[in-house]
1. Restricting to DSSP H runs of at least four residues, report the calculated mean residue ellipticity at 222 nm for the chain, -39500 (n - 2.57) per run over all residues, nearest 500 deg cm²/dmol.
2. Could you compute the FRET efficiency for VAL53 and SER30, with r as their C-beta to C-beta distance and R0 at 22 Å, rounded to 0.05?
3. Fully extended, how many nm does the chain gain between SER105 and THR17 (0.36 nm per residue separation, minus their Cα-Cα distance)?
4. With unit charges on the beta carbons (Lys and Arg positive, Asp and Glu negative) and the dipole taken about the Cα centre of the chain, which residue among GLY83, VAL53, ALA113 sits farthest to the positive side?
5. Placing +1 at every Lys and Arg Cβ and -1 at every Asp and Glu Cβ, with all other atoms neutral, what dipole size does the chain have around its Cα centre, in debye to the nearest 20?
6. Taking the Cα atoms only, what angle lies between the long axis of helix 16-27 and the longest principal axis of the chain, rounded to 10 degrees?
7. What is the sum of charges around GLY103, taking Lys and Arg as +1, Asp and Glu as -1, for the other residues whose C-beta is under 12 Å from the C-beta of GLY103?
Amino acid sequence: MEDAVIANEPIGEPSVTAVVERMSGVMGASIGDTLRAMGVSRTKASRNPVMNVQVLDRTGAALKCFARIAAMVGEDAAARWLGKPNPHLEGFRPLDLLATELGRSRLDEHIAALEDGAFL
């Protein structure tokens, strides 16, 4: 996936809708929350549901985040953690931070601290 994003060539499933449904199941999030995490409006998903590199990039970042948390606490707990407001993230849910580069950067720093043993 990373090579495809770097090469600016979408790969895999061409339907945003199909990817959103799978991501929703993996992350235990609603379709609406998953669309927001992937930076896709409901309108775009219904009018032009074709995968593009930007959505693929955000999808890959979301999956990496989920995998890092799941490696520490398991998939079910990771899904719950993503969906709960977090005081260490200024009250945002981790899921809410996935749609933007700055949000993902903040989330990455927080996860790195958790991986290093910080009890936040």
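Since every read-out is calculated from the coordinates, none of them should be taken as a lab result. Please read all numbers here as calculations on a predicted model, not as lab measurements. Every residue, glycine among them, receives a Cβ derived from its backbone with ideal geometry; neighbour counts consider all protein chains shown.
1. Values: 8 runs with 79 residues, N = 120.
Helices in the chain give a 222 nm mean residue ellipticity of -19000 deg cm²/dmol.
2. Values: r = 25 Å, r/R0 = 1.14.
Computed FRET efficiency for VAL53 and SER30 comes out at 0.30.
3. Numbers: separation 88, 0.36 × 88 = 31.68 nm, distance 2.59 nm.
The span from SER105 to THR17 would gain 29.1 nm if fully extended.
4. It is GLY83.
5. Working: 13 positive and 16 negative charges, 104 e Å.
About 500 debye.
6. For 16-27 against the chain, the angle is about 20 degrees.
7. Numbers: positive: ARG36, ARG58, ARG93, ARG104, ARG106; negative: GLU90, ASP96, GLU101, ASP108, GLU109.
Computed value for this residue: 0.
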